[in-house]
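*Asks:* Could you have a look at this structure, given as structure tokens, before my questions?
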Amino acid sequence: MNLVVDTLVLVGYVIDDAFRFTGLLWHEWIGMALIVMFGIHVVLHADWVVRITKRMFRRLPARERLRWVIAVVLFVAMGFVRISGLLISRKAMPFVGW
């Protein structure tokens, strides 16, 4: 399941990044689908986050601690990207009533 979700996210990002190919409408809808896929990815990896977070204040190899910090920073950054994308939406969000 992880491989399928991560592959779909990668393909979605590559397509969504080609703004001239997709245009604004599809760019926004693909972005909204990626929000859902991002959520699924986080849920699938939640056990790792909880397990490592519990061990953060005990003995934990520096490499695992660094991976945790990078994951948290990326999670927060992706959250800001998705929220800002929704807030500046000119096609998809008005279509759904926002």
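The values are calculated or read from the model by the stated rules, or taken from the named source; none is laboratory data. Computed from a predicted model, the values in this text were never measured in an experiment. Every residue, glycine among them, receives a Cβ derived from its backbone with ideal geometry; neighbour counts consider all protein chains shown. Only protein heavy atoms, including side chains, enter the accessible area calculation; ligands, DNA and RNA are left aside. Shrake-Rupley method; radii C 1.70, N 1.55, O 1.52, S 1.80 Å.
*Asks:* Rg and Dmax in Å for the chain, alpha carbons only: what are they?
*Replies:* 16.2, 51
*Asks:* Next question, about the same structure. Cβ under 14 Å from residue 49's Cβ, residue 49 left aside: what net charge do those residues give with Lys, Arg +1 and Asp, Glu -1? Walk me through the numbers before you get to the answer.
*Replies:* Values: positive: 51, 54, 55, 65, 67; negative: 47, 64.
Charge balance in the 14 Å sphere: +3.
*Asks:* If packing is taken as the mean number of other Cβ atoms within 10 Å per residue, what is the order of 55-68, 79-92, highest first? Could you put the intermediate results ahead of the total?
*Replies:* Working: 55-68: 10.6, 79-92: 13.1.
Listed from highest to lowest mean packing, they are 79-92, 55-68.
*Asks:* So how strong a dipole does the stretch 19-98 carry about its Cα centre when Lys and Arg Cβ are +1 and Asp and Glu Cβ are -1, to the nearest 20 debye? Before the final figure, lay out the partial values.
*Replies:* On the way: 12 positive and 3 negative charges, 94 e Å.
That gives the stretch 19-98 a dipole magnitude of about 460 debye.
*Asks:* Quick check: at a probe of 1.4 Å, how many percent of the accessible area of the chain sits on carbon and sulfur atoms?
*Replies:* Numbers: 5560 of 7520 Å².
Heavy-atom surface of the chain belonging to carbon and sulfur, 1.4 Å probe: 74 percent.
*Asks:* Hey, if you put +1 on the Cβ of every Lys and Arg and -1 on every Asp and Glu Cβ in the chain, which of 98, 1, 71 ends up farthest toward the positive end of that dipole?
*Replies:* Positive-most Cα among the choices belongs to 71.
*Asks:* Then there is this: May I ask you to give the solvent-accessible area per residue for the chain, in square angstrom, as obtained with a 1.4 angstrom probe? Don't skip to the end; give the middle numbers.
*Replies:* Details: 7520 Å² over 98 residues.
Dividing the accessible area of the chain by its residue count gives 77 Å².
*Asks:* If you don't mind, another one. How much FRET efficiency would the formula 1/(1 + (r/R0)^6) give for residue 90 and residue 70, where r is the Cβ-Cβ distance and R0 is 25 Å, rounded to 0.05?
*Replies:* Working: r = 33 Å, r/R0 = 1.30.
E between residue 90 and residue 70, to the nearest 0.05, is 0.15.
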